[in-house]
Every structure is written in structure tokens, then in C-alpha cells.
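Enquirer: What follows is a single structure, and I will ask about it in a moment.
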Amino acid sequence: MNERLPSRHVVLLGIGHTNAHILRMYGMQGLEDTALTCISNFNVASYSGMMPAVLAGQVPEVQMQIDLVRLCASAGARLITEAVTGLDPKTQNIVFQHRPPMPYDVLSIGIGSTAAREDIDLAADNVVEIKPMQTFLHRLNDKLEQLRQTVGDRPLHVAVAGSGAAGVEIAFCMPAFLKRAWKKKFDVSIVTRSNQILANAKPATRRLALNQLKRRQISTFTKTPIISVQPDHLKTNDGTEIPADLVIWSTGAAAPALLSSLGLETDADGFLLTLPTLQSITNPHVFAVGDSGTIQNSSTPKAGVYAVRQGPVLWENLQRALDNTPLLSYTPQRSYLQLLNTGDGSAIGQWKGFSKSSRWLMNLKHSIDSKFMKMYEPIQMAEDEPMQCRGCGCKIGAGLLNSALPSAGNIQFDDAAEVGKTADYKIVASTDFFTSPFLDPYLAGRVAALHAASDIVASGAMPKYALSNVVIPEGPAIPQQSTLSELLAGARREFDAMGAAIVGGHTIEGPRLEIGFTVIGNAIGDNLLEKQSLEPGDGLYMTKPLGIGVLLAAHMRGRCSADDYSSLVAAMLERQHKYSAMAINSGVTAGTDITGFGLAGHLLEMLEASDTGATLQLSNIPMLSGAKDAIAAGIQSSLAPSNRLAVAKVDASNAIRQDPGFDLLFDPQTCGGLLLGMSDDAANQITSAILKAQIRPLVKIGTVKQPTAGNRPLTVI
């Protein structure tokens with residue numbers, strides 16, 4: 001299927017409530033001839049309205065998270081989680097810390113807000129800021145673990161800085177959290193410079209909240225500006241010291257620092273100024289939404305409800321901006337339903353002149369929140385839709401390859417071939433390429449470079465030069481140029497880290513994005529690591545976990561979670577060249593890389609070449625999180641069935657064969673790790689070197705043995 005590059009590009013910077021609506025609508029309806037890129041600091045977006053319920057233990061954390069990895073994958077949108085450092089509005093380019101500038105036709109900025117610091121140094125060890133919300137609970141739990149060592153048996157003093165709706169809800173729900181996480185005595189207080197808590201609420205709502213706080217023995221300090229945070233207390237402007245072992249910083253909204261570096265006009269508080277159409281008053285190609293924007297001559301509060309209501313207007317206006325037609329104006333609603341979770345199964349509600357506290361209001365809040373989050377579940381893809389995997393999963397099977405190679409004549413085939421010598425070292429060469437497994441060309445370039453260098457590294461050499469082979473989909477010149485620039489920049493980043501240079505290549509147009517490299521390297525020592533060098537008694541060691549192929553297959557179907565995707569990408573980007581030098585210097589002689597044919601396939605090649613057998617311990621083999629679950633769910637790489645033909649050479653019990661981990665032995669790995677065979681002495685030496693280098697330790701997965709006539713060469717126990 002041809003994958004023509006779209007001529008138009010919409011970018012969402014930050015996936016808050018408003019931009020999340022655009023991603024959802026893009027997945028449901030699409031935009032003709034338009035690509036969508038989402039840029040976020042995290043792989044999940046947190047729904048702030050449910051954080052109090054998570055704190056109170058009323059819902060699990062996962063229920064407040066929008067899984068951006070799955071949502072983007074199912075919508076056909078690109079997700080980038082790299083730091084943005086600026087914007088060039090004139091050339092319409094987004095500037096990143098590491099990757100090349102990214103062109104856009106229309107940009108929507110929705111990076112939210114931060115908690116106001118009020119010129120207070122929050123570097124104190126006892127402060128936990130409520131934002132970024134994606135990491136709040138993790139940071140809070142870490143801080144409590146630290147405090148266990150210092151607080152001892154006395155009560156823990158917790159102070160919530162801020163008395164808006166967010167701060168009051170946190171104070172309400174913190175006791176339930178501490179009863180679970182702290183399990184010892186504590187007290188909670190609210191500290192604010194405001195004259196009263198919930199300063200913008202109705203008097204009746206405020207009275208209900210104060211009554212609840214008093215009943216829950218939560219102290220309130222109003223008209224109390226904080227001037228500094230000390231290790232065990234807050235210092236106020238009148239000299240009062242409020243006990244505070246833990247400070248939850250949940251003050252009013254402040255503008256993120258990035259907004260001031262975008263070259264766009266801001267209001268007095270640093271938020272981007274917009275027209276009623278949500279367009280920047282500086283540049284019509286840029287929109288600012290949610291907390292990030294302030295409509296000129298408007299006093300709309302920074303509240304999530306307004307960001308949600310902006311979504312449909314933004315969706316319409318993005319399309320109109322692309323088509324150069326008149327835009328709609330957004331009119332903020334005058335009032336809205338406010339519901340405060342009191343952490344005990346009840347909620348305080350305010351609607352126009354009505355205020356009430358009850359359990360049915362909490363049920364209403366839970367129903368509204370759940371309905372909102374359900375809208376952002378990934379779009380389900382047809383289970384029976386055929387898909388050819390990408391990365392190493394698009395490789396042809398070993399059987400077909402082995403049957404075809406003899407017809408090529410008297411040619412020596414190897415993953416990395418020795419092609420020459422100098423007075424000092426042997427020269428080796430290898431080539432590899434695949435269809436990009438990612439929508440992000442920069443990430444694809446990084447992975448392709450590491451994967452193509454893998455055979456060189458596995459032979460005991462260091463990459464020195466690379467020649468690229470790239471297929472760019474048809475499309476307009478600007479998207480093609482941007483795609484190629486990102487692709488090669490990503491590859492150059494990895495080759496630079498290995499001490500290698502891209503010195504040439506070839507690029508053509510084609511039906512889909514493909515990239516590969518011919519890599520030339522210099523041997524590290526006198527001898528290369530070879531498949532035929534295994535000896536009985538050698539231990540077998542791996543450098544990376546298995547599961548890359550099946551998780552890539554799951555990702556293509558929108559079924560790889562954000563956490564599992566993060567582990568997957570991190571594993572693929574683990575550089576392996578340092579292991580090669582350590583192996584050679586430690587006397588290791590046998591090695592290969594685990595790529596398209598899976599662990600079992602590549603190990604069987606080594607066993608056949610060295611005329612040995614081996615036993616693997618399945619429980620010792622490292623596997624990526626989510627990989628066994630994906631196998632159990634029936635997901636597999638399109639190359640896996642061909643790889644599984646090697647089962648005929650594997651001896652294993654029925655119980656082992658029924659374990660999903662057994663199937664992962666045949667999972668094709670893109671940027672997989674190294675498989676090394678070595679003596680105990682060599683293992684001790686390389687282990688010591690790895691500890692000093694602080695890289696992932698080797699994992700022993702089995703032992704080489706003498707072959708037994710009539711038995712299968714590989715046993716899995």
C-alpha cells in the first residue's frame with residue numbers, strides 16, 4: 001500500500017484537555033491530506049479532575065491517564081516526547097533540543113500551566129509540586145519513603161500550599177492517601193495568602209468546605225503568605241513557623257517558562273495572548289488553548305472546564321485555518337458546575353446560586369469524569385486485519401533465505417564479512433535495512449543505525465563508516481525534505497555515539513518509508529567473535545530482553561501501553577558497542593546478535609556452526625514488560641510463524657511450550673541484544689568491566705553442552 005506523504009501538517013504542542021479533543025477527532029474523522037503530530041513531555045496525559053479521587057483511593061491511577069501511545073497509534077498520529085526549546089513563527093518551525101526543526105502549517109499550543117512560585121525557592125527537599133501531574137504520585141511516594149527515616153514515630157506534618165479548588169481537594173483527599181501510604185499519625189493543614197479559602201466560590205460553598213475541613217481536623221491558615229520553605233516548617237511573612245515535614249505545592253496558575261521563548265506576545269502573567277478565535281494575536285498559524293492562552297480583553301479563569309469547551313471550536317478552526325476560510329469565535333460560558341471531592345465519598349457542588357454537599361454529587365462527579373475519560377480510549381482496530389510487521393519483522397523467513405542462497409553460487413555469506421586487512425586490524429562490512437516501524441522518522445533513523453551496526457558490533461568490531469539507503473514516500477517537497485532530514489539526523493546521533501560517520505548513500509522515492517545502512521568497521525582485536533566458536537561448558541549470556549517484535553506488532557494495532565512502549569523504545573535504543581570491546585578484551589570468542597530470526601534461530605545457527613548443543617533456562621531469559629501478555633492475547637510478529645519452524649530442533653516439555661515466554665524465543669528482534677558464549681573466566685572478566693562501565697549487566701540464560709546423537713540440539717527447561 002502506497003503511503004504518500006500528506007501536504008499539510010498540524011502539530012499539537014502539549015496534550016491537555018483541548019488538544020486531546022483534536023487527537024480524538026483526528027482518529028475518528030481524519031483530516032484530508034493532513035498529518036498530525038503530537039508533542040508531549042510524557043507518554044500519558046493526566047486528567048486533573050480525577051487526581052483527588054486517585055489520592056483518596058476511590059479509583060486507580062490508570063483511570064486518570066490518557067494513554068497517548070495507544071491513542072496516537074490507533075489514530076495514525078505521530079507522538080514525540082522530546083523537549084521543545086523554541087519556535088520560529090516566521091519559518092513556521094518548532095525547535096527541539098536534539099532533533100532538527102519541525103515545520104508545521106498550523107500549531108496548537110496547550111502545555112497547561114505550572115503552580116505559581118511567588119518568588120519562593122522550591123528546591124527544598126520536602127516540597128512536592130502538584131505539577132507535572134503525570135509524576136506527582138511517584139514523587140509523593142518517594143518523598144514519604146525518605147521521610148520515614150527522619151520523622152520517626154512523631155506525627156507527620158503535611159501542609160498544602162494553595163487554597164483554590166485544587167488545593168482544597170488535595171487537602172480533603174490527602175488523609176485517605178496517608179492512611180494507606182504512611183500508616184502512622186499525621187496532620188494536614190492548608191496555608192494560603194488569600195483572605196479565605198476558595199476565594200472565587202460562592203459563600204455557601206465556602207461554608208460547606210470550611211465545615212468539612214473542621215470536621216476532618218484539617219487546619220486552615222489564611223492571610224498567611226509563605227516567604228520560605230524550611231526543612232521542617234514554612235516560614236511566613238509575620239514570622240510564624242507552620243510545621244511542615246511535607247509541603248504539597250498547589251498554588252494558582254503560572255505560565256510555563258517555554259511560553260516566553262516562543263516569540264509570541266503574552267499577557268502580563270506570561271500566557272499567550274489570543275483572539276476570540278483562539279489564534280495568537282502575533283501569528284495566525286498558531287493557536288493557544290487551555291491554560292496556555294489568554295483571550296485578549298477577557299478575564300476567563302484558568303480552569304479545565306474552559307479548556308474542554310474550547311475543543312470543538314479548535315477542531316473547527318484548525319480545518320478552517322488550513323482551508324483559509326473565516327474562523328469561529330469561542331465564547332466562554334458564564335457559569336459551570338463545580339464539584340469538589342471531599343475524599344470521604346461525598347462532594348460539594350456549586351451550580352449558579354446552588355450549593356450542596358452529598359454522596360449523590362460524588363456519584364455525579366464520578367459519572368462525569370468516567371464519561372469524559374471513556375472518550376479517550378484508543379480506537380479499536382479490526383482484530384483480523386492483516387498487517388505485515390515492520391523493522392526486522394518484515395524480513396523473509398530463514399527457510400526461504402537458506403533455500404535461495406545456494407543458487408547464488410560459490411559465495412561466502414555471513415552477517416558481517418571480513419573484507420580486508422591493514423597492518424593493524426581486520427576490516428568488516430555488513431548491510432541491513434527495513435521498513436520503518438515508527439511514524440517518527442527521527443526515531444526510525446536512530447533505530448536503523450543501531451540495527452545496521454549490530455552485526456559489526458556482534459563480530460567484535462567497531463563501526464567506522466556508514467552508507468545510507470533510504471526510500472522516501474512520494475509527496476510534496478517540504479514533507480519529503482523534513483522526513484529525510486529527521487531520518488538522517490536520528491541516524492547520525494547514533495553513529496556519532498559509536499565513533500562512526502555517514503559518508504554517503506542513495507535515496508529514492510517509493511511506496512513507504514524504508515531505511516538501512518551498509519556499515520564498515522575495524523576489528524577491535526586480532527580475532528573476531530564467531531558463531532562457530534562455542535565450546536561445551538561455555539555459559540550463554542544476553543545483553544537485552546526479548547519481546548521487541550511482538551510489542552512492535554502490538555503497537556501497530558494500538559495495543560501497546562504507554563509504559564510498555566517506553567520500555568520497548570528504551571531497550572531498542574540501548575547501544576551495544578561497548579559490550580563488543582569488553583568481550584574481546586575479556587577473551588570472549590563466540591557471539592552473534594539476536595535480530596530477525598529470534599533468540600532460538602540465531603542460537604541454533606551458532607550450535608550448528610560449532611557442532612554443539614545447549615540448554616536454556618526459560619525463567620532466566622529477560623523479557624520486556626507486556627511481551628508475554630501480548631503473546632497470550634494472540635498478537636505476534638508476521639515473521640514469527642516462519643521463525644517457529646525451528647521448534648522442530650527444540651526439546652521442551654508441554655508445560656514449557658505452553659508458557660508465552662517460549663514463543664518469545666522465536667520473536668524477531670529489531671535492535672536486539674547480543675548473544676555471547678564464554679568460559680567462566682571470561683564471564684568474570686567481562687562482568688567486572690561492565691560494572692565499571694555502569695551498563696546493563698549480562699544475564700546468563702543457559703549452558704553449551706556436547707551434542708548427543710539423535711537428540712535435538714537445543715533444550716529448554
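Rule-based calculations on the coordinates, nothing more; no lab input. Quick caveat, the model's predicted, so the values are computed rather than measured. Neighbour counts are summed over all protein chains in view; Cβ atoms, including those assigned to glycine, are modelled from backbone coordinates with ideal geometry.
Enquirer: Could you name the aspartates and glutamates whose alpha carbon sits less than 16 Å from that of Lys531, not counting residues in the same chain fewer than 8 places away?
Expert: Here the aspartates and glutamates satisfying the reach criterion relative to Lys531 are Asp414, Asp415, Glu418, Asp455, Asp593, Glu605, Glu608, Asp611.
Enquirer: Still on this structure, I have one more. Whose amide H sits under 5 Å from the amide H of Ala461, counting only residues 5 or more places off or on another chain, with H placed in the peptide plane?
Expert: Residues meeting the amide H criterion: Ile524.
Enquirer: Next question. Stokes-Einstein D for the stretch 234-313 at 20 °C, 1.002 mPa s, Kirkwood Rh over Cα pairs, in µm²/s? Working shown, then result.
Expert: On the way: Rh = 14.6 Å.
Answer from the Stokes-Einstein relation: 147 µm²/s.
Enquirer: Return the percentage of antiparallel bridges among DSSP beta bridges fully within the stretch 532-717, rounded to the nearest 5 %. Please list the in-between numbers first.
Expert: Details: 16 of 22 bridges.
Here the share of antiparallel DSSP bridges comes out near 75 percent.
Enquirer: What dipole magnitude, in Debye to the nearest 20, does the stretch 532-717 give about its Cα centre under +1 on Lys/Arg Cβ and -1 on Asp/Glu Cβ? Intermediate results must be reported in sequence, preceding the final value.
Expert: Values: 14 positive and 16 negative charges, 66 e Å.
Here the stretch 532-717 has a charge dipole of around 320 debye.
Enquirer: Name the aspartates and glutamates eligible as straight-distance cross-link partners of Lys235: C-alpha to C-alpha under 17 Å, and not fewer than 8 places from it in the same chain.
Expert: In chain and number order, the partners are Glu118, Asp119, Asp121, Asp125, Asp245.
Enquirer: Sorted by mean Cβ packing within 10 Å, highest first, what order do the peptides 225-233, 37-45 take? Present the calculation step by step, with values, prior to reporting the outcome.
Expert: Working: 225-233: 15.4, 37-45: 21.3.
Those peptides, ordered most packed to least, come out 37-45, 225-233.
Enquirer: Under 5 Å between amide H atoms, partner at least 5 residues away or on a different chain: which partners does Lys544 have, H built in plane at 1.01 Å?
Expert: Placed amide hydrogens put Gly673, Leu674 under 5 Å from Lys544.
Enquirer: Given Cβ point charges of +1 (Lys, Arg) and -1 (Asp, Glu) and nothing else, what value in debye, to the nearest 20, does the dipole of the chain about its Cα centre take?
Expert: Numbers: 61 positive and 65 negative charges, 600 e Å.
Value, rounded to 20: 2880 debye.
Enquirer: Same structure, new question: Any idea what the dipole of the stretch 82-169 comes to, in debye rounded to 20, about its Cα centre with Lys/Arg Cβ at +1 and Asp/Glu Cβ at -1?
Expert: Details: 8 positive and 12 negative charges, 23 e Å.
Here the stretch 82-169 has a charge dipole of around 100 debye.
Enquirer: Given a cut-off of 27 Å, name the pairs among Lys202/Lys365; Lys131/Lys371; Lys421/Lys700; Lys131/Lys179; Lys544/Lys705 whose C-alpha atoms lie farther apart than that in the structure shown. All intermediate terms of the calculation are to be shown ahead of the outcome.
Expert: Numbers: Lys202/Lys365 19 Å; Lys131/Lys371 24 Å; Lys421/Lys700 34 Å; Lys131/Lys179 23 Å; Lys544/Lys705 23 Å.
With Cα atoms farther than 27 Å apart: Lys421/Lys700.
Enquirer: In 10 Å bins starting at zero, report the fraction of Cα pairs in the stretch 296-359 per bin as a rounded %.
Expert: 17, 34, 27, 15, 7, 0
Enquirer: A follow-up question, please. So for each of 299-309, 668-678, 162-172 I average, over its residues, the number of other beta carbons within 10 Å; can you give me the resulting order with the highest mean first?
Expert: Numbers: 299-309: 17.0, 668-678: 27.8, 162-172: 26.3.
Answer by packing, highest mean first, reads 668-678, 162-172, 299-309.
Enquirer: As an exercise, use a Förster radius of 51 Å and the Cβ-Cβ distance of Gln217 and Arg4 to find the FRET efficiency, rounded to the nearest 0.05. Present the calculation step by step, with values, prior to reporting the outcome.
Expert: Details: r = 65 Å, r/R0 = 1.27.
E between Gln217 and Arg4, to the nearest 0.05, is 0.20.
Enquirer: While we're here: Assuming R0 = 51 Å, what is the FRET efficiency of Ile717 and Val62, from their Cβ-Cβ distance, to the nearest 0.05? The partial results should precede the final answer.
Expert: Numbers: r = 36 Å, r/R0 = 0.70.
It comes to 0.90.
Enquirer: Could you give the length gained on full extension between Asn620 and Thr150, defined as 0.36 nm per residue of separation minus the Cα-Cα distance, in nm? All intermediate terms of the calculation are to be shown ahead of the outcome.
Expert: Values: separation 470, 0.36 × 470 = 169.20 nm, distance 3.85 nm.
So the chain would gain 165.3 nm between Asn620 and Thr150.
Enquirer: Where Lys and Arg each count +1 and Asp and Glu each count -1, what net charge lies around Ala458 among other residues with Cβ under 9 Å from its Cβ? Please list the in-between numbers first.
Expert: Working: positive: none; negative: Asp415, Asp455, Asp593.
Cβ neighbours under 9 Å give a net charge of -3.
Enquirer: What's the long-distance tail for the stretch 414-528, i.e. % of Cα pairs beyond 16 Å?
Expert: 56
Enquirer: Right, next: Rounded to the nearest 500, what is the chain's calculated 222 nm mean residue ellipticity when only DSSP H runs of at least 4 contribute -39500 (n - 2.57) each, over all residues?
Expert: On the way: 20 runs with 230 residues, N = 717.
So the calculated ellipticity at 222 nm is -10000 deg cm²/dmol.
Enquirer: Can you tell me which of 462-473, 199-210 comes out highest on packing, and rank the rest after it, using the mean Cβ neighbours within 10 Å?
Expert: Details: 462-473: 21.2, 199-210: 17.2.
Result, highest mean Cβ count within 10 Å first: 462-473, 199-210.
Enquirer: Give me the number: length gained by fully extending Thr507 to Gln532, i.e. 0.36 nm times residue separation minus the C-alpha to C-alpha distance, one decimal in nm. Walk me through the numbers before you get to the answer.
Expert: On the way: separation 25, 0.36 × 25 = 9.00 nm, distance 3.65 nm.
Taking 0.36 nm per residue and subtracting the Cα distance, the gain is 5.3 nm.
Enquirer: DSSP loop trypsin sites (Lys or Arg not before Pro) in the stretch 506-572 with at most 13 other Cβ atoms within 10 Å of their Cβ, which ones? Working shown, then result.
Expert: Values: sites: Arg512, Lys531, Arg557, Arg559; in loops: Arg512, Arg557, Arg559.
Passing both the DSSP loop test and the Cβ count: no residue.
Enquirer: Starting from the Cα of Ser335, move 7 Å in the Cα-to-Cβ direction to define the label point; list residues of the stretch 181-216 whose amide nitrogen is under 19 Å from there.
Expert: Of the residues in the stretch 181-216, 198-209 have backbone N under 19 Å from the label point off Ser335.
Enquirer: List the aspartates and glutamates whose alpha-carbon lies under 18 Å from that of Lys692, not counting same-chain residues fewer than 8 positions away?
Expert: Result set, ordered by chain and number: Glu574, Asp681.
Enquirer: Hey, another quick one. Once the piece of chain linking Lys90 and Asn200 is laid out straight, how much longer is it, given 0.36 nm per residue of separation minus the C-alpha distance between them? Each step should come with its number before you reach the end.
Expert: Details: separation 110, 0.36 × 110 = 39.60 nm, distance 4.00 nm.
Contour length minus the Cα-Cα distance gives 35.6 nm.
Enquirer: Apply the Karplus curve 6.51 cos²θ - 1.76 cosθ + 1.60, θ = phi - 60°, to the phi angles in the stretch 513-530 and return the couplings in whole Hz, x for Gly and Pro.
Expert: 6, 9, 8, x, 9, 9, 10, 10, x, 10, 4, 7, x, 6, 10, 8, 6, 10
Enquirer: Moving to a separate point now. Among Ser292, Leu264, Leu234, pick out the residue whose Cα is farthest towards the positive end of the charge dipole of the stretch 170-305, where Lys and Arg carry +1 and Asp and Glu carry -1 on C-beta, about the Cα centre.
Expert: Positive-most Cα among the choices belongs to Leu234.
Enquirer: Right, here's the next one. Please list, by residue number, everything in the stretch 147-172 whose backbone N is under 18 Å from a paramagnetic label point 7 Å out along Cα→Cβ of Lys183.
Expert: Zone members listed by number: 147-156.
Enquirer: Moving on. Could you calculate the FRET efficiency of Ala477 with Thr240 from 1/(1 + (r/R0)^6), where r is the beta carbon distance between them and R0 is 56 Å, rounded to 0.05?
Expert: Numbers: r = 66 Å, r/R0 = 1.17.
With a Förster radius of 56 Å, E is 0.30.
Enquirer: Next question, about the same structure. Per residue of the stretch 492-500, in order, report the coupling 6.51 cos²θ - 1.76 cosθ + 1.60 (Karplus, θ = phi - 60°) as ³J(HN,Hα) in whole Hz, putting x for Gly and Pro.
Expert: 4, 4, 6, 5, 4, 5, 8, x, 10
Enquirer: Here is a follow-up. Modelling each spin label as a point 7 Å along the Cα-to-Cβ direction, I'd like the Glu574/Asp496 distance in nm, to one decimal.
Expert: So the two model labels end up 2.4 nm from each other.
Enquirer: Project the alpha carbons of the chain onto their principal axes and report the range along each, largest first, in whole Å.
Expert: Computed over the chain, the largest-to-smallest principal extents equal 90, 66, 49 Å.
Enquirer: Based on the alpha-carbon set only, what is the convex hull volume of the stretch 41-165 divided per residue, in Å³?
Expert: For the stretch 41-165, the hull spanned by Cα atoms encloses 177 Å³ per residue.
Enquirer: Enumerate the calculated ³J(HN,Hα) couplings along the stretch 274-284 in order (Karplus 6.51 cos²θ - 1.76 cosθ + 1.60, θ = phi - 60°), each rounded to whole Hz, writing x wherever the residue is Gly or Pro.
Expert: Along the stretch 274-284, the couplings run 10, 7, x, 6, 6, 7, 4, 6, 8, 9, x Hz.
Enquirer: Which stretch or stretches of the stretch 339-383 have amide N atoms under 19 Å from the point lying 7 Å from Asp563's Cα along the Cα→Cβ direction?
Expert: Counting only backbone N, you get 377-378.
Enquirer: If each Cα of the stretch 98-199 is one equal point scatterer, what is log10 of I(q)/I(0) from the Debye formula at q = 0.11, 0.14, 0.17, 0.21 Å⁻¹?
Expert: So the normalised log intensities work out to -0.46, -0.67, -0.89, -1.25.
Enquirer: Taking every pair of alpha-carbon atoms in the stretch 532-717, what share in percent sits in each 5 Å bin, from 0 to the bin with the longest distance?
Expert: Whole-percent P(r) values from 0 Å outward: 1, 9, 17, 21, 20, 15, 10, 5, 1, 0.
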